[in-house]
């Protein structure tokens, strides 16, 4: 959880530089920037839940830290960060299950919220918002449940 909050503080300081550049180039933000903040809050909740889950599991399974590095790399490649999903949907040779796998990725929804707000300056769809909120809440509940269930055993395994 400390890493998530540290990243949020780092992001807040980075936004100062963005505001300075926006002022320099006379770029006026639109009200859609609020959706970016909503996406960031949901992403923060999701990451806190995942970090609680991975932290609790890493106490008992030491290899979890190494496995998580491999999983996060694969997860990054499955997330459309620098490319839009329309590249897959417009290509008829791409099977439909690939599009489903990309959309099932929880990070897709958070990126879609932010891409809608920043790049397209539109509001994200209600479906994307609901899926992002549900995955954030489920992640937090699952992470808290596992952490609370196992925290009394941490001292025995450290």
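The values are calculated or read from the model by the stated rules, or taken from the named source; none is laboratory data. These numbers come from a predicted model, not from an experiment. Cβ atoms come from the backbone with ideal geometry, glycine included; neighbour counts cover every protein chain shown.
The single condition from (1) surrounded by fewer than 17 Cβ atoms within 10 Å (Cβ to Cβ); (2) within 26 Å of residue 128 (Cβ to Cβ); (3) in contact (Cβ under 8 Å) with a residue 40 or more places away in the chain that residue 60 fails is (2). Could we say that residue 116 is exposed (fewer than 14 other Cβ atoms within 10 Å of the Cβ) and either under 13 Å from residue 42 (Cα atoms) or out of contact with any strand residue (DSSP E or B) (no Cβ under 6 Å at 6 or more places or on another chain) (or both) here? No; evaluated as a whole, the condition is false for this residue.
With respect to being in contact with a helix residue (DSSP H, G or I) (Cβ under 8 Å, 6 or more places away or on another chain) and within 24 Å of residue 122 (Cα to Cα), residue 42 fits the description.
Pairs are defined by a Cβ separation below 6 Å, a sequence spacing of at least 6 or placement on different chains, a first member in segment 78-93 that is without any contact (Cβ under 8 Å) to a residue 40 or more places away in the chain, and a second member that is surrounded by fewer than 10 Cβ atoms within 10 Å (Cβ to Cβ) and not in a loop (DSSP other than H, G, I, E, B); no pair meets this definition.
Taken over segment 8-50, the criterion of being more than 23 Å from residue 131 (Cα to Cα), touching a residue at least 24 places away in the same chain (Cβ under 8 Å) and in a helix (DSSP H, G or I) is satisfied by 11 alone.
Consider segment 128-158. How many of its residues are surrounded by 14 or more Cβ atoms within 10 Å (Cβ to Cβ), in contact (Cβ under 8 Å) with a residue 60 or more places away in the chain and under 17 Å from the mean Cα position of the chain (by Cα)? Looking only at that region, the number is 10. Does residue 125 fit the bill of being surrounded by 15 or more Cβ atoms within 10 Å (Cβ to Cβ) and either at pLDDT 90 or above or within 18 Å of the chain's Cα centre (by Cα) (or both)? No.
Residue-wise test of (1) at pLDDT below 90; (2) closer than 30 Å to residue 149 by Cα; (3) out of contact with any helix residue (DSSP H, G or I) (no Cβ under 9 Å at 6 or more places or on another chain).
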{"position": "65", "(1), (2), (3)": "yes, yes, no"}
{"position": "77", "(1), (2), (3)": "yes, no, yes"}
{"position": "90", "(1), (2), (3)": "yes, no, yes"}
{"position": "94", "(1), (2), (3)": "yes, no, no"}
{"position": "98", "(1), (2), (3)": "yes, no, no"}
{"position": "104", "(1), (2), (3)": "yes, yes, yes"}
{"position": "107", "(1), (2), (3)": "no, yes, no"}
{"position": "114", "(1), (2), (3)": "no, no, no"}
